[in-house]
Amino acid sequence: MNFDIAMTGFVALYIFTLAAFAGWVIIGNVPAILHTPLMSGSNFVHGIVVVGGLYGLFNATTPLEQAIGFFAVLLGAGNAAGGYAVTDRMLAMFKTSDAKPKAAHGHGHARVHHLKKS
Amino acid sequence: MLTLVSQLVIGGADLCAAFLFMFGLKRMSSPATAPSGIRVAGLGMIAAVAASFLYLFTVDAAARPHMMVNIGLAVTALLIGGVGAWFVGRKVAMTAMPQMVAIYNGMGGGAAGSIAALELFGGHTQGITQLVVTLLGGLIGAVSLSGSVIAWAKLDGVIKKPLRVKGQQFANAAVMIASLAVAGVIVASSLGASGLPFTTSTWIWIFFACALVFGVLMTLPIGGADMPVVISIYNAFTGLAVGLGGFVLQNPALMIAGMVVGAAGLLLTVLMAKAMNRSIANVLFTNFGAEAKAKPGAIQGNERPTDASDAAIKMRYASSVIIVPGYGLAAAHAQQKLYEFVKLLLAAKVSVKFAIHPVAGRMPGQMDVLLAEAGVPYDMIFQLDDINDDFATTDVALVIGANDVVNPAARSDKSSPIFGMPILNADKAKQVYVIKRGQGKGYSGIVNALFYSPNCNMVYGDAHVVLVKMIEAVRGLGAAAA
C-alpha cells in the first residue's frame with residue numbers, strides 16, 4: 001500500500017484551476033478597507049513554501065544542495081513568520097465605534113443603546 | 001511501516017493546512033472576524049511545518065548519511081528566519097508596512113526559486129513537463145525575489161528616484177529572452193543534446209542569474225506612485241512560483257496555497273490598475289512621470305490660501321465633514337493628530353466620515369490601516385464607491401496630503417494624463433479645504449484644477465503643524481464659550 005500522491009498533468013491542472021477560482025472568489029469578497037492585511041495575509045499563506053524547502057533540505061546530499069536548501073528554509077520561515085506577525089498586528093487595530101462609547105455616532109451605536117435600555 | 005505512517009500524517013497535515021488557509025482567508029472578509037482568520041491560517045501553517053519533519057522517514061537512501069547535518073541546518077534556518085522575521089514584524093512601524101510586505105514577498109519568491117534550483121541541480125525532475133514547470137517556477141520565483149528587493153529599496157528610500165535609461169525596455173527584453181533561451185538550452189541538454197559549451201549546472205547558474213537581473217531591471221524604472229500595483233503583482237508572482245513548486249514536489253498543499261495567493265494577487269493588481277485607470281502593462285512598461293505634462297494655461301484663477309484656525313472653526317460649526325487623507329498625511333505622521341481633531345468635531349455633533357481612494361498610500365488599503373492604528377473606528381471609514389455621492393450634500397471636504405485622487409480634471413479634461421481615473425468628488429462639497437505643504441504640483445506633476453476652484457481654500461503647511469493649530473483653535477473656542 002502506498003499513500004503517495006501522484007499528480008500528473010491534468011489532475012494538477014484541475015487543482016490549479018479550482019484553487020485559482022476559489023482564491024479569486026474568496027478575495028473578491030474582501031472589502032477594500034482590509035486590502036493591506038489581506039495582502040500580508042496572503043503573503044503569509046505562500047510562506048507554506050517553507051514545507052517544500054524542508055523537503056528539499058532533508059533530501060540534500062551535496063554541500064551545494066544543503067546550502068540552497070538552507071537558504072530556502074531560511075527565506076520561507078521568514079516569509080511565514082513575518083507575514084503572520086504583521087497581519088495579526090494590523091487586524092488587531094480595526095475597531096468599531098461601539099467599542100468606545102465616547103465616539104458615539106451613527107445608527108449602529110444608537111441601536112445598541114436602545115437595546116441596553118429595554 | 002514508518003514510511004507509510006509518515007506519508008499519511010504529512011498528507012493529513014497538508015490537507016488541513018490547505019483547508020485552514022482558505023477558511024482563514026474567507027474569515028478575513030470582515031473586520032470583525034478577520035483576526036480569527038489569520039490565527040486559523042497560522043494553525044494550518046504550524047501543522048504543515050511540524051508534519052514536514054516526518055519527511056525524514058521517507059528520504060532517499062543517498063541522503064540518509066547527511067541526516068543529522070540536514071536536521072541541524074533545518075532547525076537553524078527555521079529559528080533564524082522565523083524568529084528574526086517575527087521580531088522585525090512585531091516592531092516595524094505601520095507606515096513602513098509596504099516595504100515590509102515587499103520583503104516578505106521577496107523571501108517567499110526566493111524560497112520558491114531555491115526549491116526549483118534544488119530540483120534542477122539534483123536532477124530530480126522526471127520528464128519534460130516537470131522540467132519546464134520547474135524552470136518556469138524558478139524564473140518567476142527569482143524575478144519576484146530580486147524585484148521585491150528593489151521594490152523594498154524604493155519604498156524604504158534607499159533608492160530615491162526611479163532609474164530610467166534610454167533603451168531600457170530593449171535591455172529588459174534582451175535579458176528576458178536570454179533567460180528563456182538558457183531555459184531552452186537546459187531542456188535541450190536534458191533531452192541529450194551534446195556539443196554545448198558549458199555543463200548543465202553552469203547553464204542553471206546562468207539561468208538564475210538572468211532571472212535575477214531581469215527582476216532588478218523590471219522594477220528599477222517604476223515610480224513610487226505605482227508601487228501598489230508592483231507589490232500586488234509580485235505577490236501574485238510569488239504565489240504562482242510556490243504553486244508551480246508544489247507541482248514539481250507533488251505537494252497539493254503548496255499547489256493550492258500558491259494558486260489561491262496567485263489569484264488574490266492578480267485580483268488586487270487588476271483593482272489597483274483600474275483605480276489608476278491604467279493597464280497593468282502601462283504601469284510596468286511606461287514611465288508615468290515622464291509623460292505627464294499638463295498645460296498650465298488651461299486653468300484660470302489663483303490658489304486662495306486661508307488660515308488653519310479659520311478652517312478649523314468653519315468645520316466646527318459645519319454639520320457634516322468628509323476627510324480625504326492621502327499619503328502626505330502619513331508622510332507627516334499626522335494620523336493621531338487628525339483623529340484628535342476629528343474627536344473634537346464629533347464632540348461638537350459634527351458628522352465626520354473618512355473617504356479613502358483605492359490607491360491612497362503605497363500599497364492597497366494602507367491608509368485604512370494607518371487610520372485604524374490612530375484609533376479611527378472602521379465604521380467611519382468609507383471607500384470611493386460608497387461615499388462619492390455624499391460629497392454633494394456635505395458642508396466641508398478636508399483634503400490632507402492627497403492630490404491626484406481629488407483632481408476633477410480626471411472627470412472632465414480629456415487632455416489630462418489622469419483622465420478617466422476614478423476620483424473622490426471632493427470638489428462637489430460646499431467648501432473644500434486642502435492641507436498641503438506648499439504650492440506646486442503633486443507627485444505626478446499634474447496641475448490640480450480643484451485648488452483653483454472658487455469653493456476651495458488652501459491651508460499651507462506641514463499636516464502635523466496645521467492639525468495642531470486646528471485643534472488649538474477648536475479648543476480655544478470651547479474655552480471662550482465656557
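The values are calculated or read from the model by the stated rules, or taken from the named source; none is laboratory data. The structure presented is a predicted model; accordingly, all values stated were derived computationally and were not measured. Don't worry about glycine lacking a Cβ; one is built from the backbone with ideal geometry, like all the others, and counts go over all protein chains shown. Side chains are part of the model used for accessible areas, which takes the heavy atoms of the whole protein and leaves out ligands, DNA and RNA. Shrake-Rupley method; radii C 1.70, N 1.55, O 1.52, S 1.80 Å.
Per-residue answers, yes or no, for (1) facing chain B (nearest Cβ under 7 Å); (2) of a type in the set (Lys, Arg); (3) within 22 Å of B:Gly89 (Cα to Cα); (4) surrounded by fewer than 24 Cβ atoms within 10 Å (Cβ to Cβ):
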residue	(1), (2), (3), (4)
A:Thr8	no, no, no, yes
A:Val25	no, no, no, yes
A:Val30	yes, no, no, no
A:Leu34	yes, no, yes, no
A:Gly41	yes, no, yes, no
A:Gly56	yes, no, no, no
A:Glu65	yes, no, no, yes
A:Gly69	yes, no, no, no
A:Ala92	yes, no, yes, yes
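In this structure, A:Phe21 does satisfy being more than 7 Å from every other protein chain (Cβ to nearest Cβ) and free of Cβ contacts under 8 Å to residues at least 60 places away in the same chain. Residues satisfying the criterion are present in region B:391-407 (criterion: of a type outside the set (Phe, Trp, Tyr), within 14 Å of chain A (Cβ to nearest Cβ) and under 24 Å from B:Asp462 (Cα atoms)). Kindly indicate whether any position in region B:56-66 is more than 24 Å from A:Thr36 (Cβ to Cβ) and not in a helix (DSSP H, G or I). Looking through region B:56-66, at least one residue is more than 24 Å from A:Thr36 (Cβ to Cβ) and not in a helix (DSSP H, G or I).
Count, please, the residues in region B:133-181 that happen to be aliphatic (A, V, I, L, M) and under 20 Å from B:Val230 (Cβ atoms).
18
Taken together, B:Ile222, B:Ile186, B:Ile233 contain a single residue that is open to solvent by less than 40 Å² (accessible area, probe 1.4 Å), hydrophobic (A, V, I, L, M, F, W, C) and within 30 Å of B:Leu15 (Cα to Cα), which is B:Ile233.
Just need a number here: residues in region B:120-145 that are surrounded by fewer than 24 Cβ atoms within 10 Å (Cβ to Cβ) and at pLDDT 90 or above. It would help to see each step written out before you state the result.
As a first pass, look at region B:120-145 and keep what is surrounded by fewer than 24 Cβ atoms within 10 Å (Cβ to Cβ): B:121-133, B:136.
Now restrict to residues that are at pLDDT 90 or above: B:121, B:131-133, B:136.
Number satisfying all stated conditions: 5.
Looking only at residues of region B:30-64 that are polar (S, T, N, Q) and within 19 Å of A:Leu57 (Cβ to Cβ), we find that the one that is nearest to the chain's Cα centre (by Cα) is B:Ser52.
This table checks each residue for (1) of a type in the set (A, V, I, L, M, F, W, C); (2) within 7 Å of another protein chain (Cβ to nearest Cβ).
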| site | (1), (2) |
| --- | --- |
| B:Thr33 | no, no |
| B:Val40 | yes, no |
| B:Ala47 | yes, no |
| B:Ser52 | no, yes |
| B:Tyr55 | no, yes |
| B:Ala62 | yes, yes |
| B:Met67 | yes, no |
| B:Asn70 | no, yes |
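When region B:360-389 is filtered for residues that are open to solvent by 20 Å² or more (accessible area, probe 1.4 Å) and closer than 16 Å to A:Thr36 by Cα, the ones remaining, listed by number, are B:Arg362, B:Glu373, B:Tyr378, B:Phe382, B:Gln383.
Of the residues making up region B:387-394, not a single one is at pLDDT below 90 and either touching a His at 6+ places or on another chain (Cβ under 6 Å) or closer than 25 Å to B:Asn277 by Cα (or both).
Would you say B:Thr202 is assigned to a helix (DSSP H, G or I), within 14 Å of chain A (Cβ to nearest Cβ) and surrounded by fewer than 23 Cβ atoms within 10 Å (Cβ to Cβ)?
Answer is yes for this residue.
Kindly indicate the residue of region B:309-349 that is under 18 Å from B:Met94 (Cβ atoms) and surrounded by fewer than 19 Cβ atoms within 10 Å (Cβ to Cβ) and also nearest to the chain's Cα centre (by Cα) among those meeting that condition. The selected residue is B:Ala331.
In summary, B:Ala47 fulfils each of the numbered conditions (1) surrounded by fewer than 21 Cβ atoms within 10 Å (Cβ to Cβ); (2) aliphatic (A, V, I, L, M); (3) touching an Asp or Glu at 6+ places or on another chain (Cβ under 6 Å) with the single exception of condition (3).
If we scan region B:147-158, do we find a residue that is farther than 30 Å from A:Ala6 by Cα, part of a helix (DSSP H, G or I) and open to solvent by 50 Å² or more (accessible area, probe 1.4 Å)? Yes: region B:147-158 contains one or more residues that are farther than 30 Å from A:Ala6 by Cα, part of a helix (DSSP H, G or I) and open to solvent by 50 Å² or more (accessible area, probe 1.4 Å).
Residue-level analysis places A:Tyr14 outside the set of residues that are touching a Phe, Trp or Tyr at 6+ places or on another chain (Cβ under 9 Å) and open to solvent by 10 Å² or more (accessible area, probe 1.4 Å).
Scanning region B:361-383 for residues that are aliphatic (A, V, I, L, M) and touching a strand residue (DSSP E or B) at 6+ places or on another chain (Cβ under 7 Å) turns up B:Met367, B:Leu371, B:Val376, B:Met380, B:Ile381.
Here B:Leu344 clears all of (1) at pLDDT 90 or above; (2) part of a helix (DSSP H, G or I); (3) closer than 27 Å to B:Met272 by Cα except the condition numbered (3).
The requirement of being open to solvent by less than 20 Å² (accessible area, probe 1.4 Å), closer than 16 Å to B:Leu450 by Cβ and of a type outside the set (Phe, Trp, Tyr) is satisfied by B:Ser416. Screening A:Val73, A:Val86 for residues that are open to solvent by less than 10 Å² (accessible area, probe 1.4 Å) and more than 30 Å from B:Ala374 (Cβ to Cβ) leaves exactly one candidate, A:Val73. Going by the conditions given, is B:Ser194 small (Gly, Ala, Ser) and crowded, with 23+ Cβ neighbours inside 10 Å? It is false that B:Ser194 is small (Gly, Ala, Ser) and crowded, with 23+ Cβ neighbours inside 10 Å. Whether any residue in region B:457-464 is buried (at least 21 other Cβ atoms within 10 Å of the Cβ) and in a helix (DSSP H, G or I) is what I want to check. Yes, region B:457-464 contains a residue that is buried (at least 21 other Cβ atoms within 10 Å of the Cβ) and in a helix (DSSP H, G or I). Filtered by the rule that a residue be open to solvent by 40 Å² or more (accessible area, probe 1.4 Å) and part of a helix (DSSP H, G or I), region B:419-445 gives a lone residue, B:Lys428.
Look at (1) open to solvent by less than 10 Å² (accessible area, probe 1.4 Å); (2) part of a helix (DSSP H, G or I); (3) hydrophobic (A, V, I, L, M, F, W, C); (4) without any contact (Cβ under 8 Å) to a residue 60 or more places away in the chain and you find that B:Ala392 fails only one, number (1).
Annotation: of all residues in region B:95-119 being more than 30 Å from A:Met93 (Cα to Cα) and not small (Gly, Ala, Ser), the one that is surrounded by the most Cβ atoms within 10 Å (Cβ to Cβ) is B:Ile115. B:Val165 meets the conditions (1) part of a helix (DSSP H, G or I); (2) open to solvent by 40 Å² or more (accessible area, probe 1.4 Å) in every case but one. The failed one is (1).
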